[in-house]
Amino acid sequence: MMKRCKECSSEMVISREAYRYNESGLPNVVLKDVEIRRCPNCGTQEVPLPRVAELHRAIAVVLVHKAARFLGAEVRYLRKYMGWSGVDFASHMGVNPETVSRWENDKEVISSQSDRLLRLIVVRGWPVEDYSVDDLTKIDDRKDPPPVEVELRVRDRRWQSAA
């Protein structure tokens, strides 16, 4: 089916490729093999993403399973994923809102105890079958962990790890 540009009504060129999903608020989320529509006339680009709520859950799962402590953008992503304001999140975590702000802006490294609590809160937020509490003992406590590359693709109409 032919797609038309919303800006100039030209026919869009459709390709499937990797897309850096900066809209997530995370700098390192890459969606593999997604449809990208480009207008050769005016340069408009569209990326129709299926099942966005499931995509966001898949990102959260990848983050919860990473071995290093959370970075600020990851804390912010998970807080927003859970639907909490900074004040609500601080209350759930047992810290003050200023601490949350420092975590999210990389002014303070999240403590290993708070990191583990956040993982458990996120995991308890949806049914997960393959997460072991033992994974919490494997978290790397380095202060400057490298960011984890998140690569996802749609398989059988579900977002899954591209690895």
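The values are calculated or read from the model by the stated rules, or taken from the named source; none is laboratory data. All figures in this text were calculated on a predicted structure; none of them were measured in a lab. Cβ: placed from backbone, ideal geometry, glycine included. Neighbour counts: every protein chain shown.
Would region 33-42 turn up any residue that is in contact with an Asp or Glu (Cβ under 9 Å, 6 or more places away or on another chain), on the phi > 0 side of the Ramachandran plot and not hydrophobic (A, V, I, L, M, F, W, C)?
yes
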Are any residues in region 55-81 over 14 Å from G25 (Cα atoms) and either among the small types (G, A, S) or surrounded by fewer than 16 Cβ atoms within 10 Å (Cβ to Cβ) (or both), and if so, which ones?
A58, A67, A68
Would a scan of region 96-105 turn up a residue that is under 17 Å from the mean Cα position of the chain (by Cα) and either farther than 21 Å from V150 by Cα or surrounded by 15 or more Cβ atoms within 10 Å (Cβ to Cβ) (or both)?
yes
How do the pairs read when you match residues in region 94-111 that are under 12 Å from A73 (Cα atoms) and modelled with pLDDT of 95 or more with residues anywhere that are assigned to a loop (DSSP other than H, G, I, E, B) and among the hydrophobic types (A, V, I, L, M, F, W, C), using Cβ under 6 Å and keeping only pairs 6 or more apart or on different chains?
W103/I110; I110/F70
Is region 130-148 home to any residue that is closer than 25 Å to G86 by Cβ, β-branched (V, I, T), at pLDDT 75 or above and outside any loop (DSSP other than H, G, I, E, B)?
no
Residue by residue through region 1-37, note down the ones that are surrounded by 12 or more Cβ atoms within 10 Å (Cβ to Cβ), hydroxyl-bearing (S, T, Y) and more than 16 Å from the chain's Cα centre (by Cα).
S10
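Taking S85, is it among the small types (G, A, S), surrounded by 15 or more Cβ atoms within 10 Å (Cβ to Cβ) and modelled with pLDDT of 90 or more? If you could, list the steps in order and put the result at the bottom.
Values: among the small types (G, A, S): yes; surrounded by 15 or more Cβ atoms within 10 Å (Cβ to Cβ): no; modelled with pLDDT of 90 or more: yes.
Considered against the rule, which asks whether it is among the small types (G, A, S), surrounded by 15 or more Cβ atoms within 10 Å (Cβ to Cβ) and modelled with pLDDT of 90 or more, S85 comes out as no.
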